[in-house]
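**Student:** Please find one structure pasted underneath; my questions will follow.
The values are calculated or read from the model by the stated rules, or taken from the named source; none is laboratory data. Bear in mind the structure is a predicted one, so any value in this text is a computation, not a measurement. Positions of Cβ are generated from backbone atoms using ideal geometry, with glycine treated the same way; all protein chains shown enter the neighbour counts.
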Amino acid sequence: MTTEFSILGYALVAFLLYFFFSGLIWGAGYEFTPRKQIEVAGELLKLKEGMIVYDLGSGLGDVLIFFARKYKVKCVGIEVDPLKVMLTKLRISTDKELKRLIQIKRANLLSVDLREADAIYVFLYDKTGIMKSLKAKLVSDLKDDAKIASYWHPFPDCIPQVSSGRMRIYAKQSMI
Ligand SMILES: C[S@@+](CC[C@H](N)C(=O)[O-])C[C@H]1O[C@@H](n2cnc3c(N)ncnc32)[C@H](O)[C@@H]1O
C-alpha cells in the first residue's frame, strides 16, 4: 500500500513538474485565457457556424471548446507540447459534437498552413519575437477577409480594428 502511494506520489509530482516547467523544454509557456475574454473574442470576431477558426498555441483547448460549443465553428488547435495535445484530445474524446468540430495537431504554429482559416486566435508570450514572425506568416497565408484575435500581446506595427481591454482584433488587411 505504502509503495503504491509513493509511486503515485512520484508520478503526480513528475506530472506537475512537467506541466508547469514544460515551457523550458518547448520554449513556450502556458497560461489560459480567462473565460470572459474568450467570450469577448468570439463576439468581436463575429463567429458563425461553418467558419474555420485556428487557435495557434491551443494549450488545453479551452478556446476551441468554447467556440465549438457556442458557435458550432470548426476549430483547429495547434500546440507544440505533446502532453497538452494529449490532454486536449482526452477532454474532447467523450463529446461527439466536439470530436466532430475540433481537430488538434501537434506542430510548430509557424509551420502550419493557414490558408483555410476564417479567424485566428492567439495568446502567446512574445519573449522570442514570435508575434513578429507570426505577423509575416499571417500576411502571407491568410485569406483577405480573415480576422485575428490576440489576447494580451499586440502585433508589432499593426493597428487593431477593434479592441476591448487586452483583447485586440486585427483585420488581415491592416497588417500589411
Ligand atoms: C499562453 S498559452 C495559451 C493557451 C490557449 N490558447 C488559451 O488562450 O487559453 C500559449 C500556448 O502556446 C503554445 N505554444 C507556444 N509557442 C508555440 C509554437 N511555436 N507552436 C505551437 N504552440 C506553441 C504553448 O505551449 C502554450 O500551450
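**Student:** Given T88, T33, which one is outside any helix (DSSP H, G or I) and either within 15 Å of the ligand (Cβ to nearest atom) or over 20 Å from S164 (Cβ atoms) (or both)?
**Tutor:** Working: T88 fails: outside any helix (DSSP H, G or I).
Selected residue: T33, the only one of T88, T33 that is outside any helix (DSSP H, G or I) and either within 15 Å of the ligand (Cβ to nearest atom) or over 20 Å from S164 (Cβ atoms) (or both).
**Student:** Suppose we filter S140, S133 for residues that are of a type in the set (S, T, N, Q), more than 10 Å from the ligand (Cβ to nearest atom), modelled with pLDDT of 95 or more and assigned by TED's automatic domain parsing to the domain that holds V85; which single one remains? Show your work before the answer.
**Tutor:** Working: S133 fails: more than 10 Å from the ligand (Cβ to nearest atom).
Criteria check complete, one pass: S140.
**Student:** Here is a further query. Only one of (1) farther than 23 Å from K137 by Cα; (2) of a type in the set (G, A, S); (3) assigned by TED's automatic domain parsing to the domain that holds D95 fails for A41. Which number is that?
**Tutor:** Going through the list (1) farther than 23 Å from K137 by Cα; (2) of a type in the set (G, A, S); (3) assigned by TED's automatic domain parsing to the domain that holds D95, A41 breaks only (1).
**Student:** Among the listed residues V139, V80, V162, V76, which satisfies the condition of being out of contact with any helix residue (DSSP H, G or I) (no Cβ under 7 Å at 6 or more places or on another chain) and either farther than 15 Å from T33 by Cα or basic (K, R) (or both)? Break it down stepwise before answering.
**Tutor:** Numbers: V139 fails: out of contact with any helix residue (DSSP H, G or I) (no Cβ under 7 Å at 6 or more places or on another chain); V80 fails: out of contact with any helix residue (DSSP H, G or I) (no Cβ under 7 Å at 6 or more places or on another chain); V162 fails: out of contact with any helix residue (DSSP H, G or I) (no Cβ under 7 Å at 6 or more places or on another chain).
Only one candidate passes the filter, namely V76.
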